[in-house]
Amino acid sequence: MPSTQTTAVGRPALIRAFAASLSGTALEWYDFAIYNVAAAVVLGPLFFPSSEPLTATLLAFSTYAVGYLSRPLGGFLFGRLGDTLGRKRVLVTTLLITGFATMLIGLLPTHAAIGGLAGVLLVVLRFAQGVGLGGEWGGAVLLSSEYGDPKQRGFWASAAQIGPPAGNLMANGVLALLGALLTDEQFLSWGWRVAFLLSAVLVAFGLWIRLKLEETPVFKAIQESGDRPTAPISEVFRTQRRPLVAAVLCRVGPDVLYALFTVFVLTYITTQLGLPRNAGLTAVLIASACQLVLMPLAGWLSDRVNRRVLYAGAAVCGAVWPFVFFPLIDTGSRVYLVLGIVVGLAFHAFMYGPQAAFISEQFTPRLRYTGSSLAYTLAGVIGGAVAPLVFTALLASFKTWVLVAAYVTIACVVTLIGLHLGRDPEDDQAPSNTLSVDSR
């Protein structure tokens, strides 16, 4: 089984790759998170007006789901290009797509100005956001992990995982600040647009970092060996079916848990508890700040203990916590609200931190971008895409949080099944656990 070894890279290159992976993913998740939060508190009444608040929210979350449903298209398109053309080129393109779509959302006229066309345009731009993000994650993971020592892959790959809480932190911070400085009328009229338009500055910064970075050592070795795949998508489905299924399933629980504690919780506290919007935004802000530390910590710890066992333990905790969380916040206590979200996202961090390394290790190096991207985007459709819709529908139909919590538990059980099916790199010496290029 011949292979081409990559050359060692210095620590400055590792740090640049880590920064490029983190910054670009954080910027794209800022774009995505701005919509996620706005869907719960702003976009419903502005683009899908209704006399029933839950109905407007449900319609807004429908466009939230479109961003997930379009991700597989991005995964199919950019995953293939990432394995054939290279990681860097693709990551520049995905950043531009998501950034421009977000800026245009900030300029959209509302339903009051152009009627139903406003909702249609919002769906189109949300679709573009999802396509860009669908091609982003797999490349961002490889950008940092393929520069790093394979024995420290959990830590280096966690750079891309820090992106969501970092982006969420920025998004919630901007919206919380605007909410504090503006009246409700000002925020609904024009204030929410500022958060979307700020994406222009963030995209420029991300491009500056990524354009200065070289291609990863692993992809350079693939080029030198002449072993780039010609049809990576079909090859993944033909030769990597079990790794793909395992990688998809292991993502479902974290996605659903994240949707609960960053998106649906804002709807729940405002419509069921009568708490102000800023109370939820502040709690998510604090929890996201904690995740900035917990994500790399979890990745680092997964390099020192069994990665799969650590991931599974967090999944079990995530399955139980909603049954504690809802009784806590039903007291109306803001302290319990912050505590509940912090703990919930801590369990998410200990799944999400090691996740990038675990998923990339399921696939051979020459198919890693395609395999990882497909797993990420397909899991998003069955996990994060429908979760807020299901949560809102369950609450509207049954008037209780119990079924919402049960849904999270089921999602975490699905993750445990995926972890069981997945390959544990500690059990073998497969080439995907090294910085070599498998030429099988």
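The values are calculated or read from the model by the stated rules, or taken from the named source; none is laboratory data. What you see is a predicted model, and the numbers here were worked out from it, not measured in a lab. Cβ placement follows ideal geometry from the backbone for every residue including glycine, while neighbour counts extend to all protein chains displayed.
Quick look at the numbers
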quantity	calculated
Hits in the stretch 226-264 - residues which are touching a residue at least 60 places away in the same chain (Cβ under 8 Å), in a helix (DSSP H, G or I) and among the charged types (D, E, K, R)	Glu235, Arg242, Arg251, Asp255
Subset of the stretch 376-391 that is more than 12 Å from the chain's Cα centre (by Cα) and surrounded by 24 or more Cβ atoms within 10 Å (Cβ to Cβ) - its residue that is nearest to Val245 (Cα to Cα)	Ala387
Every residue from the stretch 365-418 that is under 23 Å from Ser234 (Cβ atoms), in contact with a Gly (Cβ under 8 Å, 6 or more places away or on another chain) and of a type outside the set (Gly, Ala, Ser)	Arg368, Tyr369, Thr370, Leu374, Tyr376, Thr377, Leu378
Ala298 being modelled with pLDDT of 90 or more, in contact with a Phe, Trp or Tyr (Cβ under 6 Å, 6 or more places away or on another chain) and either of a type in the set (D, E, K, R) or closer than 30 Å to Val174 by Cβ (or both)	yes
Qualifying residue in the stretch 66-79 (condition: at pLDDT below 70 and either within 23 Å of Phe100 (Cα to Cα) or of a type outside the set (Gly, Ala, Ser) (or both))	no
Per-region count, the stretch 179-196, residues crowded, with 16+ Cβ neighbours inside 10 Å and either of a type in the set (Lys, Arg) or at pLDDT 85 or above (or both)	6
Subset of the stretch 321-363 that is part of a helix (DSSP H, G or I) and among the polar types (S, T, N, Q) - its residue that is modelled with the lowest pLDDT	Ser360
Test for Leu22: is it modelled with pLDDT of 75 or more and surrounded by fewer than 21 Cβ atoms within 10 Å (Cβ to Cβ)	no
The one condition in (1) among the hydrophobic types (A, V, I, L, M, F, W, C); (2) out of contact with any helix residue (DSSP H, G or I) (no Cβ under 7 Å at 6 or more places or on another chain); (3) modelled with pLDDT under 85 that Leu121 fails to fulfil	(3)
Hits in the stretch 207-225 (condition: basic (Lys, Arg) and either free of Cβ contacts under 8 Å to residues at least 40 places away in the same chain or surrounded by fewer than 17 Cβ atoms within 10 Å (Cβ to Cβ) (or both))	Lys212
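Condition check ((1) in a helix (DSSP H, G or I); (2) in contact with a Leu (Cβ under 6 Å, 6 or more places away or on another chain); (3) of a type outside the set (Gly, Ala, Ser)) across all residues:
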{"residue": "Val90", "(1), (2), (3)": "yes, yes, yes"}
{"residue": "Thr93", "(1), (2), (3)": "yes, no, yes"}
{"residue": "Leu96", "(1), (2), (3)": "yes, no, yes"}
{"residue": "Ala101", "(1), (2), (3)": "yes, yes, no"}
{"residue": "Gly119", "(1), (2), (3)": "yes, no, no"}
{"residue": "Ala128", "(1), (2), (3)": "yes, no, no"}
{"residue": "Gly135", "(1), (2), (3)": "yes, no, no"}
{"residue": "Val141", "(1), (2), (3)": "yes, no, yes"}
{"residue": "Ser144", "(1), (2), (3)": "yes, no, no"}
